[in-house]
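Nothing in this text is a laboratory measurement; each read-out follows from the coordinates by a stated rule. Small disclaimer: the values here were computed from a predicted structure and weren't measured. Note that we place each Cβ from the backbone using ideal geometry, even for glycine, and neighbour counts take in every protein chain shown.
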Amino acid sequence: MSDTVQSPQLSPSDLANNERAIAYYNEHGCGTVEAAFHLANILHTDRCVAEAARVYHIGYELHSKSPDQHPGAHILLHVSLLCQLKAGLPLSDEDMEALKGLSIPLYNYIAGIRTAWNTGDLVKATRMMGNCYDEFHTGEECDRLYLEVVNRLYQEQMHNGVADARVPSTLIPRKIYMYWDNETPEEVERNFEYHRSLKGLEVKTFNQAEAAQWLYEVYGVEARNLFMGMRHPAEAADFLRVHVIQALGGWWLDADIRIRSEEVFFGRLSQHHSHVFLLTHDCVVHNDFFGSVANSPILGDVLLSLYRNCYLFPSLYIPYKTGPGPFERGLNRTFHADFNRTRALPSMITYDNHVFSEVIEELHVEYKFQGKSWHGVSN
């Protein structure tokens, strides 16, 4: 079957009157798998999910079903079904059976999300999904949707469980670690000094040279070389933070955010769990602010994903490669292990985006407005 046919005639309303989608369609049409996939991605990104579902399905219908054709038929079909779920549309049995024949893990993923969203049966949904997230790069949508389900499932257990306060190593040290590579701007230095003034919290800052030497002494030459080879200072900070907290225990805080007060830090965040993570409204893990004991099984898993991404996918989008993505995968594997009774859930608690806003103030720092953001980094 050829992957090029006469382009389907799509009206502006078929494209949700989306200007970007209409412009792309007018130039490229929708007669190839690649064109349909790109057009659907525009619609999906702009939250035109019902329209995206249809266009992804057009791409699936155009597909030769050869495993060598990119993107794979299973990718097109599963994301079409996911967009149908987002739009509140029913899924056809025919499409679900086709997906099952193409990829059982992706079938389990869609079936599990449908169960969670349509019935609220989180236990059944978690059982159905298994470890489907491992079919994707860390940080992709599957990680976030899976985390949304298991985080809700485990909320009561996490809040009721605390570390044994009689064993000091099970509590997060009251230490904050921060990083800026070189030539610290005045507003960042003021932020460092502000946190040094907080009572009951010890602060340690790293610059690039100090971080590279520390990584070499604690983790060896490979860690140092990977750190020094990062594409952007934010990516280097991502790499450093996991190593520091895993070795020393404590709290990581990015240089461009601020704890509002010591009162809110000690009063709003648990001081009795071994791990504290905060999530955005759509279940992205805040790696800019988190706390953990040293030698954490969760951060150990985060490190596995971090090194795998650095070696196998060095050009991956930064949030997927070194940012929140490895944290989401680490949390998902932790919940999955407890659910399957292969490793008990460690002492941990997660908070939602409202708590993050109560505790953390985001600073206006000039580098974000000088073209130095990591968002444009691809290679």
_Springs between alpha-carbon pairs under 10 angstrom, Gaussian network model over the chain: which of 183, 202, 362 fluctuates most?_
183
*asked:* Amide H of residue 275 versus every other amide H placed in the peptide plane: which residues, excluding those fewer than 5 positions away on the same chain, fall under 5 Å?
replied: 348, 349
*Can you sort 48, 142 by how many other beta carbons sit within 10 Å, fewest first?*
48, 142
*Return the single residue from 74, 195, 364 with maximal mean-square fluctuation; model: Gaussian network over the chain, springs between Cα atoms under 10 Å.*
364
*When the chain is modelled as a GNM with alpha-carbon springs shorter than 10 Å, which of 289, 266, 192 fluctuates the most?*
266
*Using a simple charge model, +1 on the beta-carbon of Lys and Arg, -1 on the beta-carbon of Asp and Glu, nothing else, what dipole does the range 1-145 show about its Cα centre, in debye to the nearest 20?*
380 debye
_Fewest-first sequence of 94, 141 by Cβ atoms within 10 Å of each Cβ_ = 94, 141
*Taking the chain as the reference, fit the longest principal axis to its C-alpha atoms, fit the long axis of helix 73-86 to the helix C-alpha atoms, and give the angle between the two in degrees, 0 to 90, nearest 10.*
80 degrees
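With both partners inside the chain, how many of the DSSP beta bridges are antiparallel, as a percent to the nearest 5?
Roughly 50 percent of the DSSP beta bridges within the chain come out antiparallel.
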*Quickly estimate the mean residue ellipticity at 222 nm for the chain, helices only: each DSSP H run with n ≥ 4 gives -39500 (n - 2.57), and the total goes over all residues, rounded to 500.*
-16000 deg cm²/dmol
*Using Rg and Dmax of the Cα atoms in Å as the read-out, say which of [x] 36.5, 126; [y] 22.6, 72; [z] 20.9, 66 was calculated from these coordinates.*
[y]
*Note down the magnitude of the dipole of the chain about its Cα centre, charges +1 on Lys and Arg C-beta and -1 on Asp and Glu C-beta and zero elsewhere, to the nearest 20 debye.*
980 debye
*asked:* To make sure I understand, if each residue's beta carbon is the centre and we count other beta carbons within 10 Å, what order do 281, 273 fall in, fewest to most?
replied: 281, 273
